[in-house]
1. Normalised radius of gyration for segment 57-115, please: alpha carbon Rg relative to 2.2 N^0.38 Å, two decimal places.
2. For segment 121-208, what is the Kirkwood hydrodynamic radius in Å, using each pair of distinct C-alpha atoms?
3. What nm value, rounded to one decimal, do you get for the distance between Asp190 and Arg330 when each label is placed 7 Å out toward the C-beta?
4. Could you check the spin-label model distance between Arg154 and Asp111? Points 7 Å from the Cα along Cα→Cβ, value in nm.
5. Which is farthest toward the positive dipole end of the chain among Pro269, Pro281, Ala331, measuring Cα position about the Cα centre, with Cβ charges +1 (Lys, Arg) and -1 (Asp, Glu)?
6. Please list, or write none, the aspartates and glutamates whose alpha carbon is within less than 14 Å of the alpha carbon of Lys379, excluding same-chain residues fewer than 8 places away.
7. Considering the convex hull of the alpha carbon atoms of segment 86-170, report its projected area averaged over all viewing directions, in nm², one decimal.
8. State the volume of the convex hull built on the alpha-carbon positions of segment 286-429, expressed per residue in Å³ and rounded to an integer.
Amino acid sequence: MFVASQDFTVFGGSLGEIHAQKICKVQDLAMSTGAPFIQINDSGGARIQEGAASLAGYGYVFERNVRASGVIPQISVIMGPCAGGAVYSPAITDFTFMVRETSHMFITGPDVIKAVTGEEVTFEELGGAMTHASRSGVASFVSQDEEECLAMVRHLLSYLPSNNLEDAPAFAPVDDPDRRDEGLTHVIPDSAREPYDMHEVIRRIVDDGDFFEVFPFWAMNVVIGFARLDGRAVGIVANQPKVLAGTLNIDASEKAARFVRTCDAFNIPLVTFVDVPGFLPGTDQEYQGIIRHGAKLLYAFTEATVPRLTVITRKAYGGAYLVMNSKHLRADVSFAWPTAEIAVMGPEGAVNVVFRKQIEKAEDPVAARAELIQQYQAKFATPYIAAERGFIDDVIEPAETRPRLIKALRMLSTKRETIPARKHGNIPL
């Protein structure tokens, strides 16, 4: 791997012309040798004394970040202040690490904000690690101190190939590939309205229960991260019923879409766990463009050519079901647990729409509605109708999820899929 850094003890780590040339040289070496590039940022931004030359230096660094995107892994480690032009390079890289109460990132500092808008805000509130980890979605990982931060970087690299021409790292598995977990049978609550923790499902299935979560504090209604199955690195995307009932909103769609594209770029198979009642409703989401942002996730999954596996654990309703790596978007293998419900919408909503007039005319509307809901659940709230049509490859017992996923991954290990010749697609940004 190749590393570049700033030294805050020299001109506050500010970037000048020669400094930029040194960084660019390392970036070029990383590209030509097919090795990861890691930048350690601890800088006040462009060196004011050098004027346009320092700005040009940033431009040269950004241009190489863009050309390296999807070719080699690029990681930013924010070890101190990162202001002005210094923040754009981390924004382009694949993953960004920050340290609590030490790292800060912002376009304009608190003093400028106060002068321009009158707002008073502290460094930590404006651009601290937890601000970017929980609100802006800039920080992929947050650590307690610098030592832990660097350990996390090394852990992340264990899941990533050196470049886009290599396969995802694989190690001899210690965890039995045929291991069943009977505890999964009891994870799904009896009530469809009751939440459960998708982290438990993931950890029971992956090798040694080791799940390295990405963006654990942002858009927590979707869970993403790295794990291993049969010793092979995989990317996990899962709805989280504990947060917003697992619905997809703008932030969750963007979070998952970026991760899917990252895994696809670096040949990391994708495993998706689905329990989604739909997209989050509301004027706020609509006005901010949930249609456009939700389409990013649809686009990302459809574009991906790596092995793609799906497990539907419970709810899979409407467009959100389609977006979550469904068979209709060319997922390779799709499993469902017996508790899966695949439908246009939930039973209550469906009955209200389809049987509205019948319910209104009934002598006892409440009883009539309850009976119709029960009938709808018996007919549609199962995975078997979808399985009959080939939309689900198999309805499996939860306990056998791990061995079935591993067998599917082995089958798909030689998958080769090409996309139509084009300069690039036009993802709805």
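1. For segment 57-115, the normalised Cα radius of gyration comes out at 1.23.
2. About 17.2 Å for segment 121-208.
3. Going by the 7 Å Cα→Cβ label model, 4.5 nm.
4. About 3.9 nm, to one decimal.
5. Ala331
6. Within the straight-line limit of under 14 Å, Lys379 reaches these aspartates and glutamates: Glu341, Glu348, Glu371, Glu388.
7. 6.6 nm²
8. For segment 286-429, the hull spanned by Cα atoms encloses 146 Å³ per residue.
The values are calculated or read from the model by the stated rules, or taken from the named source; none is laboratory data. Keep in mind that what you see is a predicted model, and the values were worked out from it rather than measured. Cβ coordinates were reconstructed from backbone atoms using ideal geometry, including for glycine residues, and neighbour counts include every protein chain displayed. Ligands, DNA and RNA are excluded from the accessible area calculation, which covers all protein heavy atoms including side chains. Shrake-Rupley method; radii C 1.70, N 1.55, O 1.52, S 1.80 Å.
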